[in-house]
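Read through the structure below, which is laid out as structure tokens, and then see the notes.
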Amino acid sequence: MNKKISYLITLFLFVLLLTVIFSGCITEEQKSEVSTETLLPDVTLDQPSVLPNWTDGEYYDYYGTIELLNGFNDKYPDLVKVFSIGKSVLGKDIWCIRVTNEKNDTIKLSCLIDGCIHGYEWEGGEACLYLAEYLLINFDGNKTIAHILNLSEVYIVPLVNPDGRQDDSRYNDNGIDLGRNFDIDFGRLRGTSIPLGKLFGRIKIPSIPSNYGEFTLLHKWFPSFPPFLYNCGRHPFSEPETQAIRDFMRELENNDFSFYVNCHTAMHSIGAPWGAFKPPFEKSKQEQYIFDYVTEWVVENTEYEKYDSNLFYKASGSSSDWCFKEFRIPTFMFEILSLYYNSLPPKHDHLVHWMETTLPVFMYLLVNIDNLREWRTPDIQPLLPEGVPPEPLH
């Protein structure tokens, strides 16, 4: 009897073991099928990114920029928000485009990229528009860009100086250099600034045109003397355009503001603080390490060089220096175009080439937005379209 019971117990345990094993196989198989289904959307988001279909010579002035931004808003309503952050001296709106996946309502990091603070530096504004279009046309098909727009808000202000852009002038309509009007080492002659403002508060003071090539040679011969002084206004933030950027940055401070890029032409380089003649404080070792790491990455992976304010010139009152001073986040001055492609009046050509040279820089910063926010090593490498960056022009 005991043997029979023992046999039955053994048989029962054996059947139970087989049932558990068989059930486990089904469970694992079901899990595998579910996992595969979950990953399918990501697999479709693995297409190579494509470039905007731009043509050399087709630049966007103020009104063309408005039309392009509104077109983005109509075509990509779930990725785009277009709004004004303020007005220029002549009452033109200073437009901003926010690019992000609005369906993803998680807490996101933010960054700001702007251009054309000097109105005749068209390529700074063009690069902003090119980046916006690149992100939008690739969101549905490219995993890297989808990830960026799911986890961050990219704010882009293509024309900080809309009056200057329309007038093809460095200055705003008050004759003020907006790139010297920020509250950092303000109005210092050795920072290439002079606080003139308007004569009697009413009359715009004429400006003296400058040639980058001649300027560079002159400064090599006389490195301690600034060959040009720019009218920076009577006091910091005297101009409505710089007030708008200042106030907008303060709004972003509450939105995990992570990095800032101010786009110019045409020193063919990227630089980090300090550009001011007399900086307000010393950078920490970690801050200096990150700034060096980023600029060295750009030098190694693009045709752009490291901007050296000791070689070129000091620039007190700049937006990038002020942003770093105010918010202690990574900030950069990106000088698009080459010295050899500038003249009086400024020469604009090879638009598509120059736009393609900017993408590695922007994408590198965007894929490292979290690292930059935390001042960690930005060692993530961006995936770029074939042929980007292009071979340098000769």
**Asked** For segment 252-276, which residues satisfy the criterion of being over 17 Å from the mean Cα position of the chain (by Cα) and either part of a helix (DSSP H, G or I) or within 13 Å of Asp183 (Cβ to Cβ) (or both)?
**Response** Asn254, Ala276
**Asked** Consider Asn172 against the criteria (1) crowded, with 23+ Cβ neighbours inside 10 Å; (2) touching a Phe, Trp or Tyr at 6+ places or on another chain (Cβ under 7 Å): it satisfies all of them except one. Which criterion is unmet?
**Response** (2)
**Fill in**
Those residues of segment 97-135 that are part of a helix (DSSP H, G or I) and more than 15 Å from the chain's Cα centre (by Cα) come to a total of 1
**Request:** Considering each of Thr377, Thr295, Thr358 in turn, give the residue that is under 30 Å from Ala146 (Cα atoms), among the polar types (S, T, N, Q) and in a loop (DSSP other than H, G, I, E, B).
**Result:** Thr377
**Message:** Anything in segment 298-307 that is free of Cβ contacts under 8 Å to residues at least 60 places away in the same chain, closer than 12 Å to Gly271 by Cα and assigned to a helix (DSSP H, G or I)? List them, or say none.
**Reply:** Val299
**Message:** Criterion first (modelled with pLDDT of 95 or more and exposed (fewer than 10 other Cβ atoms within 10 Å of the Cβ)) does Asn73 satisfy it?
**Reply:** no
**Message:** Against the definition (at pLDDT 95 or above and among the hydrophobic types (A, V, I, L, M, F, W, C)), how does Ile113 come out, yes or no?
**Reply:** yes
**Asked** Exactly one of (1) at pLDDT 95 or above; (2) in a loop (DSSP other than H, G, I, E, B); (3) not acidic (Asp, Glu) is unmet by Ala315. Its number?
**Response** (1)
**Request:** Please indicate, with yes or no, whether at least one residue in segment 265-276 is surrounded by 14 or more Cβ atoms within 10 Å (Cβ to Cβ) and without any contact (Cβ under 8 Å) to a residue 24 or more places away in the chain.
**Result:** no
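The values are calculated or read from the model by the stated rules, or taken from the named source; none is laboratory data. Since the structure is predicted, the reported quantities are computational estimates derived from the model, not experimental observations. Virtual Cβ from ideal backbone geometry, glycine too; neighbours counted across all protein chains shown.
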